[in-house]
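Colleague: The structure that follows is given in the form of structure tokens.
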Amino acid sequence: MTELKFKNAMLITAGFACIALVTAFTKKKTDSHAIAGLIANKKLSCLACGNTTAKLRSRSFAFNSVVFKNAVVEDNDLNEEMKLIPGGTFKMGTAEYEDCKPVHSVTVKAFLMDEHEVTNAQFEKFVKATGYKTIAERSLNPKDYPGVAKEKLLPGSAVFTPTEKPVSLEDPYQWWVYLPGANWKHPEGAASSIAGKEKEPVVQVCYADAAAYAKWAGKRLPTEAEWEYAARAGRPATTYYWGNELKPGGKWVANIYQGNFPDHNTKEDGYSGVAPVKSFPANPYGLYDMDGNVWEWCSDLYRPDYYKNSPANNPKGPADSFDPDEPGLEKHVQRGGSFICSDQYCIRYKAGSRGKGETSSAGNNLGFRCVKNVNQVR
């Protein structure tokens with residue numbers, strides 16, 4: 001490879017799951033250029049629901065060496081906003097996608113779940129208490145990007161950027177941009193801010209960041225089975241977690257994309273991006289935004305064939321991760337879809353579907369919520 005045409009990539013998954021960030025250097029373009037989701041099937045193109053085609057190097061980080069100033073949170077507010085999810089049995093998965101088959105019976109124990117996605121305000125408490133620095137804020141290791149000038153290796157993350165006109169949905173490079181300085185405090189780039197957005201879900205957090213927060217809060221990330229069970233909320237299988245109609249009673253009940261993707265969002269639901277938590281109705285279990293808004297990390301490692309041999313009782317995911325599109329990259333499951341999902345583009349927000357994301361990857365449509373065992377309540 002030469003300076004005329006050099007591509008070196010790091011994989012960052014966001015909310016939906018799989019973001020391939022590529023730094024491209026050519027004669028005509030010398031700025032860093034980030035790309036999300038190199039997808040084979042356009043209907044699966046999204047950060048979490050996408051299947052990437054490039055074998056890319058993931059961002060390196062020392063997650064296992066993270067040490068907190070304070071090991072346990074002393075903020076009862078973080079526990080008061082949890083709902084009791086009764087144990088039970090349900091049909092998990094959907095026949096619509098290969099990695100969601102077969103639909104199978106699963107039983108989960110009772111647990112507590114955050115009623116909404118972790119907010120900027122809550123995550124800020126964690127950062128102030130522990131001094132934690134998210135992966136998107138950490139310096140890149142030049143050894144992982146041979147041939148790239150050090151001044152080009154700036155911390156940042158992927159940001160969804162609408163195009164100016166209609167484009168082919170075959171090329172996600174057109175609407176995902178790697179922006180230096182993008183992180184949870186600056187979700188859409190260095191010039192953006194979360195000031196006044198304390199009640200919005202925190203984004204630009206990778207799996208490692210979410211797991212670190214959960215550990216500090218005395219909680220954990222939900223298993224994929226717990227997440228889907230809570231989203232279905234005791235109801236029969238439906239197209240969407242809220243029912244079979246996209247707009248029940250003519251009203252939008254989730255923050256997803258309306259209009260022509262990715263150039264024209266009509267904002268019929270009132271939002272062009274992330275919405276504050278509790279902006280839409282809760283499900284029967286009292287949980288908000290189990291569809292849309294931001295993708296949510298689960299604790300399970302990702303394998304497309306896991307459901308074929310999944311345990312019937314309290315499954316916790318496979319022992320290892322494998323994605324045939326990117327062998328060698330550790331990925332975790334993501335659930336729920338985000339504000340850029342629609343039937344036109346990313347349809348993995350539908351009931352029973354799955355997303356996937358590389359452990360150290362983030363984006364501005366990816367967040368999380370936590371759970372706790374019932375016997376852990378303090």
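Colleague: Just to be sure I understand, how many residues within the stretch 210-245 are among the aliphatic types (A, V, I, L, M), assigned to a loop (DSSP other than H, G, I, E, B) and at pLDDT 95 or above?
Modeller: 3
Colleague: What are the residues in the stretch 166-177 that are assigned to a loop (DSSP other than H, G, I, E, B) and either modelled with pLDDT of 90 or more or touching a Cys at 6+ places or on another chain (Cβ under 9 Å) (or both), if any?
Modeller: Selection gives 166, 167, 168, 169, 175.
Colleague: Which of the residues spanning the stretch 144-165 are more than 21 Å from residue 294 (Cβ to Cβ), without any contact (Cβ under 8 Å) to a residue 24 or more places away in the chain and either under 19 Å from the mean Cα position of the chain (by Cα) or not in a loop (DSSP other than H, G, I, E, B) (or both)?
Modeller: Answer for the stretch 144-165, where residues must be more than 21 Å from residue 294 (Cβ to Cβ), without any contact (Cβ under 8 Å) to a residue 24 or more places away in the chain and either under 19 Å from the mean Cα position of the chain (by Cα) or not in a loop (DSSP other than H, G, I, E, B) (or both): 150, 151.
Colleague: Also, I was wondering about something else. Just to be sure I understand, how many residues within the stretch 127-143 are in contact with a Leu (Cβ under 9 Å, 6 or more places away or on another chain) and either in contact (Cβ under 8 Å) with a residue 60 or more places away in the chain or not in a loop (DSSP other than H, G, I, E, B) (or both)?
Modeller: 3
Colleague: Does residue 198 count as among the charged types (D, E, K, R), within 20 Å of the chain's Cα centre (by Cα) and surrounded by 16 or more Cβ atoms within 10 Å (Cβ to Cβ)?
Modeller: Taking the combined requirement at face value, the residue does not satisfy it.
Colleague: A further question follows. Is it the case that some residue within the stretch 185-198 is of a type in the set (Asp, Glu) and farther than 24 Å from residue 345 by Cα?
Modeller: yes
Colleague: Collect the residues in the stretch 268-285 that are under 22 Å from the mean Cα position of the chain (by Cα), surrounded by 13 or more Cβ atoms within 10 Å (Cβ to Cβ) and under 20 Å from residue 162 (Cα atoms), keeping them in residue-number order.
Modeller: Within the stretch 268-285, 269, 271, 272, 273, 274, 275 meet the criteria.
Colleague: If you don't mind, another one. Would you confirm, using the coordinates I've provided, whether residue 317 is out of contact with any strand residue (DSSP E or B) (no Cβ under 6 Å at 6 or more places or on another chain), under 20 Å from residue 104 (Cβ atoms) and either touching a residue at least 40 places away in the same chain (Cβ under 8 Å) or outside any strand (DSSP E or B) (or both)?
Modeller: Spelling it out, it is not the case that residue 317 is out of contact with any strand residue (DSSP E or B) (no Cβ under 6 Å at 6 or more places or on another chain), under 20 Å from residue 104 (Cβ atoms) and either touching a residue at least 40 places away in the same chain (Cβ under 8 Å) or outside any strand (DSSP E or B) (or both).
Colleague: Exactly one condition in (1) outside any loop (DSSP other than H, G, I, E, B); (2) over 16 Å from the mean Cα position of the chain (by Cα); (3) within 25 Å of residue 364 (Cβ to Cβ) is false for residue 307; which is it?
Modeller: With (1) outside any loop (DSSP other than H, G, I, E, B); (2) over 16 Å from the mean Cα position of the chain (by Cα); (3) within 25 Å of residue 364 (Cβ to Cβ) applied to residue 307, the lone miss is (3).
Colleague: Could I ask something else about it? Considering 101, 91, which residue is touching a residue at least 12 places away in the same chain (Cβ under 8 Å), surrounded by fewer than 18 Cβ atoms within 10 Å (Cβ to Cβ), under 16 Å from residue 231 (Cβ atoms) and basic (Lys, Arg)?
Modeller: Unique residue meeting the criteria: 91.
The values are calculated or read from the model by the stated rules, or taken from the named source; none is laboratory data. Everything numeric in this text was worked out from a predicted model, so none of it was measured. Neighbour counts are summed over all protein chains in view; Cβ atoms, including those assigned to glycine, are modelled from backbone coordinates with ideal geometry.
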